[in-house]
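Here the structure is laid out as structure tokens; the discussion comes afterwards.
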């Protein structure tokens with residue numbers, strides 16, 4: 001059972017885990033041991049609330065297929081157990097990311113002191129640039 005929040009959890013039967021051989025350098029260990037984990041999670045066939053399903057499917061993420069299947073490949077660690085935990089943690093983080101609703105930013109205007117400071121800095125900068133001009137003899 002993968003717990004997402006107090007109210008939301010995913011049954012182990014909904015997550016398909018398979019061990020595969022990892023890519024990259026690592027010598028004999030990589031060539032003979034299936035230590036990487038390939039995680040598949042069907043969003044629409046899951047017991048997640050509809051709100052989560054909709055936001056996950058609309059998420060522009062390369063790990064989510066057009067059919068609504070989340071595919072995560074974990075091969076960061078040498079052991080299968082650590083990679084399994086890593087894959088489940090990444091799935092949990094992905095689902096948690098859609099649970100948070102970002103509040104809309106309220107546009108604010110700069111205050112009087114900020115405007116005065118900006119104008120003062122502009123005049124100082126302008127005076128410094130004026131001093132860089134050619135020297136004239138009178």
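The values are calculated or read from the model by the stated rules, or taken from the named source; none is laboratory data. All of these numbers come straight from a predicted model, not from anything done at the bench. We place every Cβ from the backbone using ideal geometry, glycine too, and count neighbours over all the protein chains shown.
Within the span defined as segment 70-78, every residue fails to be closer than 15 Å to residue 11 by Cβ and over 19 Å from the mean Cα position of the chain (by Cα). Among the residues making up segment 83-129, those that are closer than 30 Å to residue 43 by Cβ and either loosely packed, with under 10 Cβ neighbours inside 10 Å or over 26 Å from the mean Cα position of the chain (by Cα) (or both) are 100, 101, 102, 103, 104, 105.
Within segment 5-40, the residues that satisfy the criterion of being surrounded by 12 or more Cβ atoms within 10 Å (Cβ to Cβ) and closer than 20 Å to residue 100 by Cα are 8, 9, 10. Checked against the criterion of being out of contact with any helix residue (DSSP H, G or I) (no Cβ under 7 Å at 6 or more places or on another chain), over 30 Å from residue 25 (Cα atoms) and modelled with pLDDT under 90, the candidates 60, 122, 117, 127 yield just one match: 60.
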